[in-house]
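Structure first, then comments.
The values are calculated or read from the model by the stated rules, or taken from the named source; none is laboratory data. Computed from a prediction, not measured in an experiment: that's the story for all the values here. Methodologically, a virtual Cβ is constructed for each residue, glycine included, from the backbone with ideal geometry; neighbour enumeration extends over all protein chains shown.
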């Protein structure tokens with residue numbers, strides 16, 4: 001449609017300029033305007049989340065793409081389809097960056113592993129990544145700030161036993177002052193805590209960081225419905241309708257879980273380099289591997305993906321069943337050998353996207369997403385900085401998407417290269433992660449309405465009151481053997497409930 005409009009504009013002359021303007025304004029009000037497409041991910045055009053929208057998924061009737069379909073309708077005889085408005089724009093600019101007064105500018109080859117960038121350098125290098133932190137800060141400021149009773153270990157779980165640790169940053173040192181065992185392996189918050197420890201100790205003087213105290217929840221659903229009013233935690237993700245949770249980089253930034261073959265995140269990035277081949281030399285298909293049953297429920301988004309893509313010439317999409325050996329697993333770094341990579345949500349968010357964006361492949365993501373991660377505000381569905389291809393939640397437009405981009409390889413390659421530039425070379429570097437975590441510490445402190453204490457008063461054997469340091473230093477905690485906590489074998493473990501707290505100082 002837009003291509004036809006452009007052709008007419010070239011021939012009608014100046015007298016038709018008003019018509020062109022009216023058409024442009026109409027497109028801005030359409031479902032495919034940059035603002036509306038960005039809002040499908042839960043963020044407005046300014047990068048801040050719109051908490052007023054209903055982001056619940058509806059796979060029976062698509063909730064994100066209403067009105068006339070941008071892609072060819074099912075009765076169209078030609079396989080040539082029209083792209084979203086953004087797909088025809090040239091890549092005239094890239095993600096913003098800033099040169100500081102001393103001439104410093106982020107250079108990914110030099111700085112990707114520089115975990116100790118200054119605050120000024122962090123903001124200059126990664127200006128788009130802090131929207132989720134700012135959203136949480138502004139929300140809690142509007143609620144009167146965060147009080148100490150809001151960060152206590154949660155024992156009244158509505159769904160299952162949540163593994164949690166209560167953490168204290170004091171004078172630049174990291175402590176654990178409480179732990180509650182629960183489902184999902186304990187390794188998760190050991191990895192997450194290690195990421196926090198790494199970000200703290202990377203700067204020349206960690207004592208400049210404010211003293212804060214918070215709880216880290218290791219579950220995929222950190223604040224499930226029905227929600228406990230006022231409960232505040234750090235987590236890997238949050239549901240779009242959950243305003244209280246603070247989202248930090250997920251544990252995969254340290255390493256994937258011990259049963260996974262991805263291993264350490266840095267090691268994965270290194271291995272994936274050899275698959276960063278020219279886009280047009282990659283396999284011209286869409287790749288996805290995964291389980292349909294996640295968290296002991298069927299993922300309708302994943303089920304629809306399997307059904308829509310079955311038997312299609314452009315599809316390399318398969319379900320994996322580890323118990324029966326169904327499917328053909330693909331190593332994560334080898335995903336980069338395909339031109340198109342499909343991303344789906346799973347039990348909640350899916351941690352695989354942080355790995356996929358390290359490829360120079362075009363990533364297809366269903367919209368709207370029901371959960372967010374720390375870097376989702378950088379995802380751009382259209383315009384010169386487009387870095388992924390949006391699809392419907394029921395994948396009913398996936399065939400048209402593939403037909404279009406297989407025919408328009410230059411446009412697909414542009415998106416893939418923007419993905420690499422934006423994420424692999426900037427926002428998913430270890431340097432960006434460390435900057436994000438430290439900024440999270442600073443912003444949390446602004447709405448924390450209590451003074452964290454390193455010591456507590458206790459009575460000794462003689463009844464005399466003395467001060468005792470709370471909890472364990474991080475260096476000691478990571479080697480501490482937790483209290484015995486038996487979880488029944490599957491399938492009961494996922495719904496296991498317990499109010500057992502290991503300790504809380």
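Computed values, structure above
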{"read-out": "Residue within the stretch 423-434 that is under 26 Å from residue 206 (Cα atoms), assigned to a helix (DSSP H, G or I) and more than 16 Å from the chain's Cα centre (by Cα) present", "value": "yes"}
{"read-out": "Residue, farthest from the chain's Cα centre (by Cα), within the stretch 282-305, restricted to residues that are in a helix (DSSP H, G or I) and within 21 Å of residue 403 (Cβ to Cβ)", "value": "304"}
{"read-out": "Scope the stretch 369-389; condition under 21 Å from residue 307 (Cβ atoms) and buried (at least 24 other Cβ atoms within 10 Å of the Cβ); matching residues", "value": "369, 389"}
{"read-out": "Single residue of 285, 297 found to be surrounded by fewer than 17 Cβ atoms within 10 Å (Cβ to Cβ) and not assigned by TED's automatic domain parsing to the domain that holds residue 235", "value": "297"}
{"read-out": "Residue check, residue 280 over 30 Å from residue 166 (Cα atoms) and loosely packed, with under 14 Cβ neighbours inside 10 Å", "value": "yes"}
{"read-out": "Filtered residues of the stretch 169-195 (kept if outside any loop (DSSP other than H, G, I, E, B), at pLDDT 90 or above and touching a helix residue (DSSP H, G or I) at 6+ places or on another chain (Cβ under 6 Å))", "value": "174, 176, 191, 192, 195"}
{"read-out": "Tally, over the stretch 119-144, of residues that are part of a loop (DSSP other than H, G, I, E, B), in contact (Cβ under 8 Å) with a residue 40 or more places away in the chain and surrounded by 14 or more Cβ atoms within 10 Å (Cβ to Cβ)", "value": "4"}
{"read-out": "Those residues of the stretch 318-339 which are part of a strand (DSSP E or B) and either without any contact (Cβ under 8 Å) to a residue 12 or more places away in the chain or more than 20 Å from residue 262 (Cα to Cα) (or both), in sequence order", "value": "326, 339"}
{"read-out": "Candidate set: the stretch 196-216, residues that are in contact with a helix residue (DSSP H, G or I) (Cβ under 8 Å, 6 or more places away or on another chain) and part of a strand (DSSP E or B); chosen: the one farthest from residue 147 (Cα to Cα)", "value": "216"}
{"read-out": "Those residues of the stretch 435-449 which are within 16 Å of residue 234 (Cβ to Cβ) and not in a helix (DSSP H, G or I), in sequence order", "value": "448"}
{"read-out": "Any hit, the stretch 461-471, residues being closer than 30 Å to residue 145 by Cβ, at pLDDT 95 or above and in contact with a helix residue (DSSP H, G or I) (Cβ under 8 Å, 6 or more places away or on another chain)", "value": "yes"}
{"read-out": "Options 90, 86, 101; residue that is modelled with pLDDT under 95, over 20 Å from residue 211 (Cβ atoms), outside the structural domain of residue 239 (by TED's automatic domain parsing) and outside any loop (DSSP other than H, G, I, E, B)", "value": "86"}
{"read-out": "Residue 365 within 16 Å of residue 308 (Cβ to Cβ) and free of Cβ contacts under 8 Å to residues at least 40 places away in the same chain", "value": "yes"}
{"read-out": "Within the stretch 105-118, considering residues that are in contact with a helix residue (DSSP H, G or I) (Cβ under 6 Å, 6 or more places away or on another chain) and not in a loop (DSSP other than H, G, I, E, B), the one surrounded by the most Cβ atoms within 10 Å (Cβ to Cβ)", "value": "111"}
{"read-out": "Any hit, the stretch 423-440, residues being touching a strand residue (DSSP E or B) at 6+ places or on another chain (Cβ under 7 Å), surrounded by 20 or more Cβ atoms within 10 Å (Cβ to Cβ) and either in the same structural domain as residue 473 (by TED's automatic domain parsing) or more than 30 Å from residue 146 (Cα to Cα) (or both)", "value": "yes"}
{"read-out": "Of the criteria (1) over 30 Å from residue 452 (Cβ atoms); (2) in contact with a helix residue (DSSP H, G or I) (Cβ under 9 Å, 6 or more places away or on another chain), which one residue 102 fails", "value": "(2)"}
{"read-out": "Breaking point among (1) closer than 30 Å to residue 222 by Cβ; (2) in a loop (DSSP other than H, G, I, E, B); (3) at pLDDT 95 or above, for residue 346", "value": "(3)"}
